[in-house]
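Read the structure below first, then the notes.
No lab work stands behind these numbers, since they all come straight from the coordinates. All values derive from a computational prediction rather than experimental measurement. Counting neighbours? That spans all protein chains shown, and the Cβs are built from the backbone with ideal geometry, glycine included.
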Amino acid sequence: MSISCNLDGKVALVTGATSGFGQHFARTLAASGATVAITGRRGDRLDELQAEIEGKGGRALGIVMDVMDPASIRNAVDVAETELGAINVLVNNAGISRERLIVDVTEEDYDAVLDTNLKGPYILAQEVGRRMIERGEGGNIINIASMMAYRPYRGLSAYGMSKAGMVAMTRCMALEWARYNININTLCPGYVETDMNSEYFHSEKGLKVVNSFPGKALGKLDDLNGILLLLASDSAEFMTGSTIEIDGGQPL
Amino acid sequence: MSFTCDLSGEVALVTGASSGFGRHFALTLAANGAAIAAAGRSRDRLSELVQEIESQGGRAVPVAMDVTDPESVRAGFEVAEIELGPVSVVVNNAGVATVHMVADATEADYDRILDTNAKGVFLVAQEAGKHMIKRGHKSGRIINVASISAFKAARQVSTYCMSKAAVTSLTRTLALEWAPYGINVNALCPGVIMTEMTQAFYNTPHGKDVIKRWPRQRISDPSSLDGVLLLLASPDASSFMTGSMIVVDDGQTL
Amino acid sequence: MTFSCDLSGEVALVTGATSGLGRRFGAVLAEAGAAVAITGRRTEMLETLQQEIEAKGGRALPIHLDVTDLDSIKNAIDKTEQELGPVNVLVNNAGAYSEKMARSFGEAEFDTIVATNIKGAFFMAQEVANRMIERKDKGRIINLSSVSALRPVQGMSVYGMTKAAEIQMTKSLALEWARYGIRINAICPGFIDSEMTGDYFRTDQGKAHMNTLPRKRIGQPENLDGLLLMLASRDGSAFMTGSVIKADDAQIL
């Protein structure tokens, strides 16, 4: 009757785990009992995070993966499943942004953003989804988009495109995979304070931005725990194809 | 105080003009007075189209353009402007579709759809904007052809839906960034319409069943988009519209 | 690091707790430790729910409440505060439902649905929030909208309108009350077995309809437990306000 925040027995794969959201998601899932395959491009950071999680009694395995390389994606999923077991939770989090006005966006900018934020997640979800379907045990996929999926932001055209694309991807996958008991939802976070943006948001300019929000505050990483754990657990099996905004009212 | 569909003096570049919507859009805009840069990859078909437009008293030139190639896009705009003058209307229509279950889609499938439908739209809009902004005056209009697929899921069209959702997002950002330059960017979101691309399916018994489930139980042809096309192409009639998504689907998505 | 679903020490008020989703919400919040004011117009049904909750060691207070009557709203909240304490969680669930084509929809029925679903929900939220703000208490409000707010359904024009209004209300109130730390979100459930959907899905037509749904089933009220608890909890949804969350088993895509 209550939510089980206990993810014992679950095997999760988190992309972009070397910093920001991904790192936090990995820590949260591990602390709730899941075994976590943590992926990213920087092996040393993955080792550090793995050691940290294991030091707290959790189980994690760092796997170097480049979301822009389909072979790397397939390999990472192979390794994760061989070493840790069948993946039943995927957190499709890896993402980059390149702030440039449309007139200044280069082809390389466009490709980097769309390939990392949309193509990579699509191929990874396919890879994990196919295996879930074969096993017939269902699973949960959480796609991390952004509040920018729905609203335009100067300088973030390609980023917005990739996140809007991700929302559509979730809907189509949810429709096609509902029958296999795979639940796939999109999370659209607003501005959350991380190591990477902390300096900016404490600057004069950044403080002005924060003050313009209805709640005059940034989100904190821990604020994402509730929805992450809910979507990773068995308690949300009636939610699929949904888009969940978690943004403190910032875009209102 | 009525609005005029008169596009005399306008120069419209239509991508994907070799067939389907693009061909129809080119003919419609030409019939209303615009000079047409018919852009696409099939030289023969473009020439045919140009001849047809000219035989009806209009003005058109064929423009070789592969929307997935930035250099081809740049060169195409250059040709259009040399031949016809500054481009004031762009119909960002080139698009491909395919049918595949998510689990079966290959990387090549993904690339094909996203490159033409999303990246191609981006590249063409970007080039158009550079020209329009440089001229620094009056207005320009960009009409991105999206789809109801941007908003509604269906089976076997995941990459198509993703590409169209990306186009709606791009439309808004374009509108935001270029509003100060007097450029209006809107998205036309057609429902299912009978064209070369769709007729194979909708002529089957299964396809006909699908049609019967729609509120009006009918499928239309590209002429049903004319009104909105002309509205969005007209310099005065839609001057207060930018960043809008206009669904034209006969109630199919209700 | 994780979040707590424990609502011990919290006071919740659920409207429309006599049946269906509201009944389930009352039970779930009580089991998670909250003292729950269960409200509605059919007192005998509330008392039955109270007994069930207390048999499991929970605390529930049945209160007669007609959300279309502003005095009734004030009295219900007063009584809750006296007996259980100030309200930290409001579940704005009471709703009137009617299925009729727009052409023949009558004025009286229209007024009833709007009075319950829009006016009632609004003034309920207003009264609860005003008191939270005075106390400087950062509470949570959960509005029950519906997938019929997102996609039109034949015969549900008026109901759908009121549910769409509730979405707009959620966002407007989220904007105005963000500065006070009050979080207000909406849930849009899909087809769920309840008094409202009644026997329809057990008829032949209903069964055929069910077969067209992606998972060939309709939901049960307990399918929303997790989402409800997350939105009701202190920490679980700290960064969520103005959100509209669809929980519909891929029914509306």
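Overview of values
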| item | result |
| --- | --- |
| Zero-based 10 Å bins, Cα pair distances in segment A:11-242, whole percents | 8, 32, 38, 18, 4, 0 |
| Relative pair counts by distance (%), Cα atoms of the protein assembly as shown, 10 Å bins | 3, 14, 22, 24, 20, 12, 4, 1, 0 |
| For A:V192, residues with placed amide H under 5 Å, excluding near neighbours | A:G219 |
| Per-selection metrics, segment B:49-163 (Cα): Rg and Dmax in Å | 16.6, 50 |
| Shielding by partners - mean other protein chain Cβ count within 10 Å, residues of A:113-122 | 3 |
| Cβ-Cβ FRET estimate between C:S8 and B:D69, R0 fixed at 51 Å, reported to 0.05 | 0.20 |
| Translational diffusion coefficient (Stokes-Einstein; Kirkwood radius from C-alpha pairs) of chain C at 25 °C, 0.890 mPa s, in µm²/s | 134 µm²/s |
| For C:L61, residues with placed amide H under 5 Å, excluding near neighbours | C:V36, C:A37, C:I38 |
| Proximal charge balance of A:L230 [Cβ under 12 Å; K/R count +1, D/E count -1] | -3 |
| Shape parameters for segment C:107-166, alpha-carbon atoms, Rg then Dmax in Å | 14.0, 45 |
| Long-range HN-HN contacts of C:G198 with modeled amide H, under 5 Å | none |
| Listed peptides B:29-41, A:76-88, A:122-134, A:99-111 by packing density, highest first (mean Cβ within 10 Å) | B:29-41, A:122-134, A:76-88, A:99-111 |
| Expected 222 nm ellipticity per residue - DSSP helices of 4 or more, -39500 (n - 2.57), all of the protein assembly as shown, to 500 | -13000 deg cm²/dmol |
| Of the DSSP H helices in chain A, those whose Cα atoms cover at least 15 Å axially and whose Kyte score averages 0.0 or more | A:20-31, A:70-84, A:157-177 |
| Tilt relative to chain C, helix C:20-31 - C-alpha long axis, 0 to 90 degrees, to 10 | 30 degrees |
| Between segment C:1-31 and segment B:199-246, the Cα center-to-center distance that results, in Å | 47 Å |
| Alpha-carbon centroid distance for the pair segment A:162-200 / segment B:83-137, whole angstrom | 24 Å |
| Spatial separation of Cα centroids for segment C:58-129 and segment B:36-78, in angstrom | 63 Å |
| Highest-first arrangement of C:161-169, A:199-207, where packing means the average Cβ count within 10 Å | C:161-169, A:199-207 |
| Whole-Hz ³J(HN,Hα) from phi, Karplus 6.51 cos²θ - 1.76 cosθ + 1.60, for segment B:238-245, glycine and proline x | 10, 5, 9, 10, 8, x, 8, 10 |
| Taking the convex hull of Cα positions in segment B:171-254, its mean projected area over all directions (nm²) | 6.4 nm² |
| Partner chain coverage, peptide B:68-74 - average Cβ within 10 angstrom | 1 |
| Nearest 10 degrees, 0 to 90: helix B:43-55 Cα axis against chain B principal axis | 60 degrees |
| Principal-axis tilt of helix B:70-84 within chain B, Cα atoms, nearest 10 degrees | 50 degrees |
| Zone of C:Q220's modelled label, taken as backbone nitrogen in segment C:12-29 under 16 Å from a point 7 Å along Cα→Cβ | C:20-25, C:27-28 |
| Top of A:P152, A:P70, A:P121 by mean-square fluctuation, Gaussian network on chain A, Cα under 10 Å | A:P152 |
| In sequence order, calculated HN-Hα J values of segment B:152-160 (Karplus, 6.51, -1.76, 1.60; Hz; x Gly/Pro) | 10, 7, 8, 6, 6, 9, 4, 5, 4 |
| Solvent-free Debye scattering, log10 I(q)/I(0), computed from the Cα coordinates of segment B:2-49 at q = 0.27, 0.31 Å⁻¹ | -0.92, -1.10 |
| Equivalent ellipsoid dimensions for segment B:11-248 as semi-axes, Å, which come from the Cα gyration tensor, largest first | 27, 20, 18 |
